[in-house]
Amino acid sequence: MATQTIGLHPDELKVLERRARRFWVSVIVGFLGLQVLIGIASIVLALSDPTVAVIPNYHQSALDWDVTHRSRQLAEQLGWEIDYNVVPSEQAGQRSLLVSILDRDRQPLSGLNVSAKLYRHARAGEVDQFKLKAVADGNYQADTKLNERGLWQIELMIEGDHGIASMSRELEVK
């Protein structure tokens, strides 16, 4: 028994069926394509946005945990007092990081190689690395980009006859 649509010619019915089929296939393919585009956009955003980095070089520090842990304890074991100050720089738009290092007897320590990594917590993917120059006994200074407000992380690496000591501190720039 054949079904017949009232008032439609069989050719018109085929045309309507083709249109409906194209519409629903297009809707399904469109949704799948939209899902692929959202996935690609998410991957691009995750890989290119510096705000998604949590701690720079975290994986390598975790692998070298013993070395990292010993270097962080060395300054404390030696009884060093390390003080950070941010002072205006001679260069426009920058500030200087001044680090003072005193030994257990509160005498300045000189002859050290001091380097630093500096990054803002909001942009942990943008790490600024630099060496500090000795400006006086126990005082080391370098120009930095501490011109943006926010919470900054300073990681010092101090090399000398004692070995390698490291320190990490947070600094709020207002």
query: List pairs: first in segment 145-174 and on the phi > 0 side of the Ramachandran plot and outside any strand (DSSP E or B), second at pLDDT 85 or above and surrounded by 11 or more Cβ atoms within 10 Å (Cβ to Cβ), Cβ under 9 Å, 6+ apart or cross-chain?
result: none
task: Could you tell me whether Glu90 is assigned by TED's automatic domain parsing to the domain that holds Arg169, surrounded by 13 or more Cβ atoms within 10 Å (Cβ to Cβ) and not in a helix (DSSP H, G or I)?
output: no
message: on the phi < 0 side of the Ramachandran plot, in contact with a Lys or Arg (Cβ under 8 Å, 6 or more places away or on another chain) and among the polar types (S, T, N, Q): is that true of Gln94 in this structure?
response: yes
message: Being touching a residue at least 60 places away in the same chain (Cβ under 8 Å), of a type in the set (Gly, Ala, Ser) and in contact with a Leu (Cβ under 9 Å, 6 or more places away or on another chain) is the requirement here; does Ala116 meet it?
response: no
- prompt: Restricting attention to segment 103-140, and to residues there that are more than 31 Å from the chain's Cα centre (by Cα) and in a strand (DSSP E or B), which single residue is modelled with the highest pLDDT?
  reply: Pro108
message: Being touching a strand residue (DSSP E or B) at 6+ places or on another chain (Cβ under 6 Å), among the hydrophobic types (A, V, I, L, M, F, W, C) and under 12 Å from Ala75 (Cβ atoms): is that true of Leu171 here?
response: no
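The values are calculated or read from the model by the stated rules, or taken from the named source; none is laboratory data. Since the model is a prediction, treat every value here as computed from it, not as a measurement. In this analysis, Cβ positions are derived from the backbone assuming ideal geometry, glycine residues included, and neighbour counts consider all displayed protein chains.
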